[in-house]
1. When you go through (1) open to solvent by 60 Å² or more (accessible area, probe 1.4 Å); (2) in contact with a Gly (Cβ under 8 Å, 6 or more places away or on another chain) one by one for Ala282, which number turns out not to apply?
2. Search the stretch 135-152 for residues that are touching a residue at least 24 places away in the same chain (Cβ under 8 Å) and charged (D, E, K, R) and pair each with any residue that is open to solvent by 30 Å² or more (accessible area, probe 1.4 Å) and part of a helix (DSSP H, G or I) when their beta-carbon atoms are under 8 Å apart and the residues are at least 6 apart or on different chains.
3. Mind checking which residues of the stretch 177-203 are over 17 Å from the mean Cα position of the chain (by Cα) and modelled with pLDDT of 95 or more?
4. If I go through the stretch 87-121 residue by residue, how many of them are of a type in the set (Val, Ile, Thr), more than 30 Å from His346 (Cβ to Cβ) and crowded, with 20+ Cβ neighbours inside 10 Å?
5. With the requirement that a residue be modelled with pLDDT of 95 or more, open to solvent by 50 Å² or more (accessible area, probe 1.4 Å) and more than 20 Å from the chain's Cα centre (by Cα), what does the stretch 132-176 give you?
6. Find all pairs meeting these conditions: Cβ atoms under 7 angstrom apart; at least six residues apart or on different chains; first residue within the stretch 334-349 and on the phi > 0 side of the Ramachandran plot; second residue part of a loop (DSSP other than H, G, I, E, B).
7. Sort out which residues of the stretch 250-261 are without any contact (Cβ under 8 Å) to a residue 12 or more places away in the chain and closer than 14 Å to Ala215 by Cβ, and write them in order of number.
Amino acid sequence: MRLPLVNPDDQKSIDIEKFKQMADRFIERGFTYFDTAYPYHGGKSEEALREVVVKRYPREAFTVTTKMPVWAIKQESDLERVFNEQLEKCDVDYFDYYWLHALNRERVGVIDEMDGWGFLVRKKAEGKIRHIGFSFHDGSPLLAEILDKHPEMDYVQLQINYLDWESPAIESRVCYDLCVKHDKPVIVMEPVKGGSLARVPAAVEQLFREYNPDASPASWAIRYCASLPNVMMVLSGMSNMEQMEDNLGYMEDFKPLNDEEQAIIARATQVISDAIAVPCTACHYCTEGCPQEIAIPEYFNLYNNLQQFPDQKGNCKLYYDLLAKSHGKASECVGCGQCEAQCPQHIDIIDNLKLVTSSFEG
């Protein structure tokens, strides 16, 4: 999802050579799990996985996970068509893990109507999927309904990180507890919250460094998730070799957080919660179909940086102006709401774009 790019403004411009170096190092150190999806990198992520991993390693050397893009399913026959397209794009005979992507109330309705649940079960019986499940972006009542109705699902992917653990919007803890109750292993997405927990306020970094000078802020976030007993996998969107080496360093011989570290995380959570203005994870779901082609996640990142580091206003304004040359300005938002309908974080995007406008266009 966050692979290295040749052109930072073009999600399709995956740097294949850098990706190869990272994948080689990952496999060399004994790791196997590669997570892709139909829409990632403008539809190029699955093809990149094929070129970098599938064509260069024996099938038993890696694990492939991808997802059914529920929003693209308009009729039942689309399930088979898209699934076969994904097998071809990845160039594999089967997927180790395959799930229904980013379920919410609306998408569950689509999957119910198209019998997407049954489709996954059939593909598992055919040997084209080893494990079936779903990723989830909604409230705990809906998750409880799904888990009650579909015990055939093998696992659930949830957004979990220490900042969202008690969030009333994300409900990480409540959803995690539901999975424990239903004996469903959890795969964690957004453990570093789109990178925001790798760039923590100075006060938080000092907390971390005083306890362990060698541990990166990202390592605290990922270890927090990996320490949860019912978590089977933590996904980290590594974009360069430095991030890769950092992650491998503490996950190769993993040690759960101790009580003292958990207390430090609790203090860090409070400090960060007070500092983050817009809880955007830069997943870019919001930008797909934006009629004004507004760089929403990038603008929110600049706005958050400005709130935390007011002395950087000149640099933030410079980057905003550069982005605005190739994208719509924040002020050009027409308020259509398609972005808010897609946002897993339930952010009031339209209102927050007005704050961006007043900060950078005034």
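The values are calculated or read from the model by the stated rules, or taken from the named source; none is laboratory data. Bear in mind that the values here come from a model prediction, so they are computed numbers and not experimental data. Glycine gets a Cβ as well: all are built from the backbone with ideal geometry, and neighbour counts include every protein chain shown. The protein model used for the area step is the full one, side chains on, heavy atoms only, and it has no ligands, DNA or RNA in it. Shrake-Rupley method; radii C 1.70, N 1.55, O 1.52, S 1.80 Å.
1. (1)
2. Asp138/Arg105; Glu152/Val121
3. Residues satisfying the conditions are Asp177, Leu178, Cys179, Val180, Lys181, His182, Asp183, Lys184, Pro185.
4. Of the residues in the stretch 87-121, 1 are of a type in the set (Val, Ile, Thr), more than 30 Å from His346 (Cβ to Cβ) and crowded, with 20+ Cβ neighbours inside 10 Å.
5. Residues satisfying the conditions are Glu145, Asp148, Lys149, Pro151, Glu152.
6. His346/Ala169
7. Asp253, Asn258
This table checks each residue for (1) open to solvent by 40 Å² or more (accessible area, probe 1.4 Å); (2) in a strand (DSSP E or B).
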{"position": "Met233", "(1), (2)": "yes, yes"}
{"position": "Met238", "(1), (2)": "no, no"}
{"position": "Met244", "(1), (2)": "no, no"}
{"position": "Leu248", "(1), (2)": "no, no"}
{"position": "Pro256", "(1), (2)": "yes, no"}
{"position": "Glu261", "(1), (2)": "no, no"}
{"position": "Gln270", "(1), (2)": "yes, no"}
{"position": "Ser273", "(1), (2)": "yes, no"}
